[in-house]
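**Q** Starting off with a structure, shown below.
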Amino acid sequence: MEINLTQLKKGEKATILDVNIDNIPLKLIEMGCLPGNSIELIQIAPLGDPLYYNINDCHVAIRIETALEINIIKAIS
């Protein structure tokens, strides 16, 4: 089931399926936010934004409005 990145729960892993390149910063793409790469939600900020992810061993903070532009499929536990 395809969902967006904001629906991932802390500690869950997923695979990136699709990225809306027009609406996310180029820096995220350079850091590995690309289809086929694995991603894990590590931490949520105290006020809920940003979200802290591990993308292929690269730690990245992503704001919710950007995370909505990244589609994933959850890894089977």
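The values are calculated or read from the model by the stated rules, or taken from the named source; none is laboratory data. All figures in this text were calculated on a predicted structure; none of them were measured in a lab. Here Cβ is always computed from backbone atoms with ideal geometry, including for glycine, and neighbour counts include all displayed protein chains.
**Q** Show the residue pairs that are 6+ apart or on different chains and have beta-carbon atoms under 9 Å apart, the first residue being within region 14-39 and in contact (Cβ under 8 Å) with a residue 60 or more places away in the chain, the second being of a type outside the set (A, V, I, L, M, F, W, C).
**A** Close Cβ pairs (under 9 Å, with a partner that is of a type outside the set (A, V, I, L, M, F, W, C)) amount to Ala14/Ser38; Ala14/Glu40; Ala14/Lys74; Thr15/Pro35; Thr15/Gly36; Thr15/Asn37; Thr15/Ser38; Thr15/Lys74.
**Q** Here's a follow-up. Search region 56-77 for residues that are more than 13 Å from Asn37 (Cβ to Cβ) and pair each with any residue that is outside any loop (DSSP other than H, G, I, E, B) and of a type in the set (Val, Ile, Thr) when their beta-carbon atoms are under 8 Å apart and the residues are at least 6 apart or on different chains.
**A** From region 56-77, the pairs are His59/Ile42; Ile62/Ile70; Ile64/Thr6; Ala67/Thr6; Leu68/Thr6; Glu69/Val19; Lys74/Ile3.
**Q** Can you name every one of the strands (runs of 3 or more DSSP E) wholly within region 1-52 that holds 2 or more residues which are of a type outside the set (Phe, Trp, Tyr) and surrounded by 15 or more Cβ atoms within 10 Å (Cβ to Cβ)? Break it down stepwise before answering.
**A** Numbers: elements: 2-4, 13-19, 38-44.
Once the strands (runs of 3 or more DSSP E) in region 1-52 are filtered for at least 2 residues that are of a type outside the set (Phe, Trp, Tyr) and surrounded by 15 or more Cβ atoms within 10 Å (Cβ to Cβ), what remains is 13-19, 38-44.
**Q** Could you check region 53-72 and list, in sequence order, the residues that are part of a strand (DSSP E or B) and either hydroxyl-bearing (Ser, Thr, Tyr) or modelled with pLDDT under 90 (or both)?
**A** Kept after step one, since they are part of a strand (DSSP E or B), are these residues of region 53-72: 53-55, 58-62, 70-72.
Result: Tyr53, Cys58.
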